[in-house]
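Each reported figure results from applying straightforward, stated rules to the coordinates on display, with no laboratory input. Not measured: the values here are computed from a predicted model. Backbone-built Cβ (ideal geometry, glycine too); neighbour counts: all protein chains shown.
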Amino acid sequence: MRTVLVVDDDPMVLELTAGMLEDLGCDVLVASSPTEALAKLGANPKIEILITDVNMPGLAGYELAERAKRMRPGLQAILLSGRETEGRGLPLIRKPFLETDLRRVMSRTTGLC
């Protein structure tokens, strides 16, 4: 079972995404801010995949993914956004999305849990 860290400042999106990932067999950790996400990433070496919202206060998902990958070179990242259309080299899932969309992008990019 792979460990996924999900980051979103919208509690409903965070809960729904975490539930979808659990349904896919992932061990899921959640963070409601980029600062919390970086702390959890530093504290938990089991995290293999980061799934983060792009538009968050303070630190955008692009920058969070960059910092996280510097902290953990093998980390894989997927971006979520309702506004952005470009992942800047990372896989991007447009909100709103279904569990089948998440499964498809993960199977193509990070691999499933």
Most mobile of 71, 20, 56 in a GNM of the chain (Cα contacts under 10 Å): 71
³J(HN,Hα), Karplus 6.51/-1.76/1.60, whole Hz, each residue of the stretch 27-39, x for Gly, Pro: 8, 10, 10, 10, 9, 9, 8, x, 4, 5, 4, 5, 5
Using θ = phi - 60° and Karplus 6.51 cos²θ - 1.76 cosθ + 1.60, couplings along the stretch 2-17 (whole Hz; Gly, Pro as x): 9, 9, 10, 9, 9, 10, 7, 7, 9, x, 5, 5, 4, 5, 5, 5
Sum of side-chain charges, residue 42 neighbourhood, beta-carbon under 12 Å (Lys, Arg +1; Asp, Glu -1): +3
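Based on other C-beta atoms within 10 Å, arrange 33, 107, 81 from fewest to most.
Result, fewest neighbours first: 107, 33, 81.
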Cβ-Cβ FRET estimate between residue 10 and residue 46, R0 fixed at 22 Å, reported to 0.05: 0.30
Cα-centred dipole magnitude for the chain, charges only on beta-carbon of K, R (+1) and D, E (-1), debye, nearest 20: 480 debye
Linear extension gain, residue 63 paired with residue 85, 0.36 nm per residue minus alpha-carbon span: 6.3 nm
Mean separation of Cα contacts under 8 Å, 6 or more apart, over the residue count of the stretch 23-93: relative contact order %: 27 percent
The stretch 26-113: GluC sites (Glu not before Pro) in DSSP loop, at most 15 other beta carbons within 10 Å: 86
Sites excluded, trypsin sites (Lys or Arg not before Pro) in DSSP loops with at most 13 other C-beta within 10 Å, longest stretch of the chain: 1-45
Added length on full extension, which subtracts the Cα-Cα distance from 0.36 nm per residue, residue 94 to residue 109: 3.9 nm
Radius 10 Å from Cβ of residue 110, net charge of other residues (Lys, Arg +1; Asp, Glu -1): +1
Estimated FRET transfer efficiency (residue 1, residue 32; beta-carbon r; R0 22 Å; 0.05): 0.40
